[in-house]
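Below is one structure, written out as C-alpha cells; comments come after it.
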Amino acid sequence: MSLIRNIVTLGGWTLISRGAGLVRELMMAAYLGAGPVADAFNVAFSLPNMFRRFFAEGAFNQAFVPLYAKKLEGGEDAEDFAQNAFSGLAGFLVLFSLIGTLAMPLLVWAMASGFVGDGRFDMAVDFGRITFCYIGFISLFALLSGILNAHGHFAEAGAVPVLMNLVFIAAMALAGWMGWDMGRTLAWTTPVTGLAQLGWTLYAARRIGFVPRLRLPRLTPDFRRLMVNMGPALLVGGVVQINLLVSRQVASGTEGAISWLVYADRLYQLPLGVVAIAVGTVLLPELSRRLRAGDAAGGREAFNRGTEFALLLTLPAAVALVVIARPITEVLYQRGLFDANDSAATALALAIYGLGLPAFVLHKALQPLFYAREDTRSPFRYALWSMAINAALAFGLMPWIGFSAAAWATTLSAWVMVAQLWWGARRLGDETKFDARFLSRLWRIAAASALMGAALWGGWALLQPLLEDRGTRILALIGLIGLGMASYAVAALALRAVRPADLKALRRSRSQR
C-alpha cells in the first residue's frame, strides 16, 4: 500500500500537470491551428525534449537512480556520488547546448526534412535556437527529481511540471492581449519554464539536505560504473528517439500532420503520464532497494501490485480513447483555426495511440526489472528490434495510409517491445513473475473495461445532438466521460476487479503517512 500510495501521489500531481498541459494545447490549437507556425514550433519544442528524454530522464536517470538508491539503502556516501553526477551532467549539458544551437538547421532537417523548401524550415530553425537551451534546465531538473524520488519525496518533483504549463498559459494569454507574435512568444517562454522548474526543484532538494555544488567531476569507481551502465541505456534512449524521428519524418510531408500527431499525443499522454510514468518512477528506486536488501518476496509484491494498479486505470482509459476519440477531439480542439478536417485526423491518430496505451504502460512497469539489476544491455537489444519494426511499418505503410502510418508504427512496435521485455524478464528470478492475484484480476479488469466501452458507445449515440451544439458540447462530453467512469466503477466492483478492502487499505496507508 505504501507503493500504491506513492504512485497515487505522483500520479495525482501528474494528472494536474497534464490537465494544465491540455489547457495549454487547447489554447495553442485555437491560436495556431494545425498550420505552418504550429508545425514549426512543435518541431522546435520537441528537439530539447527529445534529447532530455534521451540523456537525462532516459540514460542518465535509469543508470543513476538504482546506484543512488542502493547507496542510500546501504548507508554509503550517496551525497558525494550525487554531487559528482550533478557536476558531470551540468558540464556536458553546457557543451551540448552550444553545439545543438549552432547545428540547428541540421537538427531540424533530421527531424522534419519535409519542411525543406517552405517557410516552416526557417521558422523551426529560428524557434529551435531560442528553445534549445531548455534542455540544460530540464535535464538538471530530471536528475534532482531522481534524487528526490529515491528519498521517497514524489510530490515535490511531480508538482513541478504544473508550473511549466501555467507559465505557457499565462504567456499565451498575455500575447493574445498584447498582440504579440504567438509562435515567437511560445519559443521564448520555453527556456523561462525550464528556469522555473529547475529553481523550484533546487529549493525542494535543499529541503532534504542536498545542495548542488558545481565542481570538476572526478573519475571515481562509482562514476565509472555510472558511465558503464549509462552506455546501453543511452543506446536504448537513442533507439526510442529514432522512432520519434521516423514518426516526424513520415508526418512532415503532409502539412498539419505533425501537429495532428502532437495534439493526439497530448491526449493519450494524459493517462500515460498519470499512470505509467508514475508507476515506472516509483518502481525503479523501490525495486533497487528491495534487491539491495535481498527481499525477493517484497520485490515481487511491488512489481505485481504496481502493474495491477497501472492496468486497473489504463485499460479503461485505452478503451475510452478508442471508442470516443472523435467527440473528445471535436469538443476539446475544434475552435478557432482548428477545423473539422483537423479534428478527424487527430481523432484517428488518438484512437490508434489508444490501442497502444496498455503497451506503453507495461513497458514502464517491466523496464525497471532490468534497470534495478543494473542490466541496461537487454532492454537495448529489445529496443533495436522495436526500432527496426517501427521504421519498416512507418515507411512501408505511408504510401497506403498516409500520416497515420506513423501512429500505427508507434503502437505496434510498442507491443513488440513489451513482448520482448516480458519474455526476457522470465530469467531474472521469481520476483519478476506474475502472481495468482494479478492473473485473477487481469481478466476482470479487461471485462469491466469492455462493458464500459459498450456504455460509452451507447452514450455517444444518445448525446450526439448535444455534442454537436457549441452551447452544450462541453457539458455533454463531461457527462459522457462521467458515464464511462461510473459504468467502469460499477463493473469493476461487480466483477471483483477491485475490492472495497483494497480501497480501505489505501486510505489507512494514506492516513498513517
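Read the figures in this text as sums done on the coordinates, not as results from a lab. The model shown is predicted, which means the values in this text are computed figures rather than measured ones. Backbone-built Cβ (ideal geometry, glycine too); neighbour counts: all protein chains shown.
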In the stretch 362-377, is there at least one residue being within 30 Å of Tyr68 (Cβ to Cβ), outside any helix (DSSP H, G or I), in contact with a Ser or Thr (Cβ under 6 Å, 6 or more places away or on another chain) and not aromatic (Phe, Trp, Tyr)? yes
Only one of (1) buried (at least 16 other Cβ atoms within 10 Å of the Cβ); (2) outside any helix (DSSP H, G or I); (3) charged (D, E, K, R) fails for Arg496. Which number is that? (1)
Go through (1) of a type in the set (Lys, Arg); (2) farther than 19 Å from Pro316 by Cα; (3) assigned to a helix (DSSP H, G or I) and name the single condition Arg470 misses. (3)
Among the candidates Ser343, Ser386, residue that is touching a residue at least 60 places away in the same chain (Cβ under 8 Å), surrounded by 18 or more Cβ atoms within 10 Å (Cβ to Cβ) and not basic (Lys, Arg): Ser386
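Only one of Arg441, Arg426, Arg437 is in contact (Cβ under 8 Å) with a residue 60 or more places away in the chain, of a type outside the set (A, V, I, L, M), within 30 Å of Arg373 (Cα to Cα) and surrounded by fewer than 17 Cβ atoms within 10 Å (Cβ to Cβ); which? Don't jump to the end; show me each part of the working.
Details: Arg441 fails: surrounded by fewer than 17 Cβ atoms within 10 Å (Cβ to Cβ); Arg426 fails: in contact (Cβ under 8 Å) with a residue 60 or more places away in the chain.
That would be Arg437, the only listed residue that is in contact (Cβ under 8 Å) with a residue 60 or more places away in the chain, of a type outside the set (A, V, I, L, M), within 30 Å of Arg373 (Cα to Cα) and surrounded by fewer than 17 Cβ atoms within 10 Å (Cβ to Cβ).
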Restricting attention to the stretch 177-214, and to residues there that are farther than 22 Å from Leu72 by Cα and of a type in the set (D, E, K, R), which single residue is surrounded by the most Cβ atoms within 10 Å (Cβ to Cβ)? Arg184
Out of all the residues in the stretch 312-320, is one or more out of contact with any Cys (no Cβ under 8 Å at 6 or more places or on another chain), among the hydrophobic types (A, V, I, L, M, F, W, C), buried (at least 23 other Cβ atoms within 10 Å of the Cβ) and more than 23 Å from Gly458 (Cα to Cα)? no
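Does Phe115 satisfy the condition of being closer than 18 Å to Asn49 by Cα, surrounded by 21 or more Cβ atoms within 10 Å (Cβ to Cβ) and touching a residue at least 12 places away in the same chain (Cβ under 8 Å)? Quick ask: steps written out before the conclusion?
Details: closer than 18 Å to Asn49 by Cα: no; surrounded by 21 or more Cβ atoms within 10 Å (Cβ to Cβ): yes; touching a residue at least 12 places away in the same chain (Cβ under 8 Å): yes.
When the stated conditions are applied, Phe115 does not pass them.
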